[in-house]
1. Out of VAL153, VAL130, which single residue is in the same structural domain as VAL26 (by TED's automatic domain parsing), surrounded by 24 or more Cβ atoms within 10 Å (Cβ to Cβ) and touching a residue at least 24 places away in the same chain (Cβ under 8 Å)?
2. Within the bounds of the range 190-205, is there any residue that is over 19 Å from THR162 (Cβ atoms) and assigned to a helix (DSSP H, G or I)?
3. Given the condition closer than 25 Å to THR85 by Cα and either among the β-branched types (Val, Ile, Thr) or in the same structural domain as ARG78 (by TED's automatic domain parsing) (or both), answer yes or no: does some residue in the range 294-308 qualify?
4. Filter the range 177-225 for residues that are of a type in the set (S, T, N, Q) and under 21 Å from ALA29 (Cβ atoms); which is surrounded by the most Cβ atoms within 10 Å (Cβ to Cβ)?
5. Which members of the range 59-82 meet the condition of being in a loop (DSSP other than H, G, I, E, B) and touching a strand residue (DSSP E or B) at 6+ places or on another chain (Cβ under 6 Å)?
6. What residue, of ARG286, ARG302, is out of contact with any Leu (no Cβ under 7 Å at 6 or more places or on another chain) and touching a residue at least 24 places away in the same chain (Cβ under 8 Å)?
7. Does the range 68-90 hold any residues that are touching a residue at least 60 places away in the same chain (Cβ under 8 Å), surrounded by 21 or more Cβ atoms within 10 Å (Cβ to Cβ) and closer than 18 Å to GLY44 by Cβ, and which are they?
8. Does any residue of the range 283-290 turn out to be buried (at least 22 other Cβ atoms within 10 Å of the Cβ), outside the structural domain of LEU308 (by TED's automatic domain parsing) and in a helix (DSSP H, G or I)?
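The values are calculated or read from the model by the stated rules, or taken from the named source; none is laboratory data. Just so we're clear, the structure is a prediction, and the values are computed from it rather than from any experiment. Positions of Cβ are backbone-derived with ideal geometry, glycine not excepted, and every protein chain shown enters the neighbour counts.
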Amino acid sequence: MTSTLYHDPSGFSVFSPSQIPYNAWVNIAETLKANPLVLAPMAGITDLPFRVICRELGAGIVYSEMVSAEALIRNQPRTREMLVTVPSERPVAFQIFGCRPASMAGAARILSELPIDIIDINMGCPVPKVLRSGAGSALLRDLGLAREIMAAVVEASAKPVTVKIRLGWDAKSIIAPELARMAQDAGIAAVTVHGRTKAQGFSGSADWTMIRKVKEAVALPVIGNGDVRSAQDACRMLDETGCDGVMIGRAIEGNPWIFREAKSLLSTGAVPPHPTLEERQQVMLRHLDDVVAMLGENVGIREMRKHLCWYTKGLQGGAEFREQVNHIESREAVINAIRSYFSHLSREVQGHVVW
C-alpha cells in the first residue's frame, strides 16, 4: 500500500477523492447492509490517516476520535484540527461528547457544514475526565438529559445522527433497551451498543445477549461492539445478536487488516492470509508519512510511536525495535529503523508470512 497523499495549493495534505458526492445523504441501514464493518471511535488512534487506511482495507464506516462539543463551539484550535476530513474516507462519522443540549446542538450545526456523513453522540465513554464533566457514560444515569441531548442534536443536525451507548452504569442498572427506544423516538438513525457497563470499563466480557435485546427492542439499525478480536468474532456477533453492524475497537491496534479479513470471511467464507512482512512495512511507512504530513515532524513522530509499537507486536525482535523507535526524534531516522528492522526480519524468516 502506497501513500495517497498529495499537496494542494493551500499547503494542506489531502487524499484522492472518493465517489460519494459532497451533499449525499448516507442511508445507514443500506450502508451497513452492504458492509457491516465499522471502525470504532478511539481517542488518539482514529485520526484521519488511520481512518483512511481502515477504509481502504475494508471498513464500511469509520468513526473519528471523540470531539468536545464545548471546545468545538469555542473554536479551540486543537479541536478544529481534529475536523480535517477527506473524500476518500467516506462514509465517515464524527463523534461529539458533552452534557449541555445547547452546546451539543451547536457542535452539530458546525459539523453539519463539513463534508461528513454522520454525527455521533458519545454516551459510553467511561474515562474519569469525561465523567466528571457529566458527559459520556455519566448520561446513562440521567436518561432525561440523555433524551434532551439526542433531540437537540437531531433537530440541529443536517446529517443523520447516531448514538453510542453502554448497557448501563452497572449490572444493577441495565438501561440499554430503554435508552435505545428513547433514541428511536428522538429521531436517531442508528444505535451502537458496547456490551459492557460503565463499571466494567474494558474489563470482563461483553454481554452479546444484551446487544440482541436492544436489537429486538427497536426498529432502527443496531451496531454491536465489544470483544470482536478477529474476523470470526465479527461474523459470530452478527449471527448471535442479529445486529446490523459490528464495530471493531481495540483489535485494530496495529492490525487494520482485520477489516480485510472479516470482509472476506463475510463475502467468501474464507479468511485471506495475514499481511506479508513487505505489506506490513509499507503500511507502517505510509502511515508514518501521512501522520507527519498532517501534524508536522515533531508531533507526528510522537503520535506514531504507539502505532509503530502495535504494528510490530508479536513479531520476532519486536521488543528491541519498539525500544529503539520510542527514542527516535526524526522522520528519516524512523524510516531507516523500520527498513532496517524488516530487512533483518525478512532474512531471518526467508520471506515467509509472520504474525
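1. Working: VAL130 fails: surrounded by 24 or more Cβ atoms within 10 Å (Cβ to Cβ).
Of the residues listed, the single one that is in the same structural domain as VAL26 (by TED's automatic domain parsing), surrounded by 24 or more Cβ atoms within 10 Å (Cβ to Cβ) and touching a residue at least 24 places away in the same chain (Cβ under 8 Å) is VAL153.
2. no
3. Residues of the range 294-308 closer than 25 Å to THR85 by Cα: 294-308.
After this cut, where a residue has to be either among the β-branched types (Val, Ile, Thr) or in the same structural domain as ARG78 (by TED's automatic domain parsing) (or both) as well, the list is 299, 301.
Yes: one or more hits.
4. We begin by selecting, within the range 177-225, every residue of a type in the set (S, T, N, Q); these are 184, 192, 197, 200, 203, 205, 209, 225.
Imposing the further condition that a residue be under 21 Å from ALA29 (Cβ atoms) reduces the set to 184, 192, 225.
Numbers: GLN184: 17, THR192: 30, ASN225: 25.
Per the stated criteria, the residue is THR192.
5. Taking the range 59-82 as the starting set, the residues that turn out to be in a loop (DSSP other than H, G, I, E, B) are 59-60, 74-76, 82.
Answer for the range 59-82, where residues must be in a loop (DSSP other than H, G, I, E, B) and touching a strand residue (DSSP E or B) at 6+ places or on another chain (Cβ under 6 Å): ALA59, GLY60, MET82.
6. ARG286
7. GLU89
8. Scanning the range 283-290, I find no residue that is buried (at least 22 other Cβ atoms within 10 Å of the Cβ), outside the structural domain of LEU308 (by TED's automatic domain parsing) and in a helix (DSSP H, G or I), so the answer is no.
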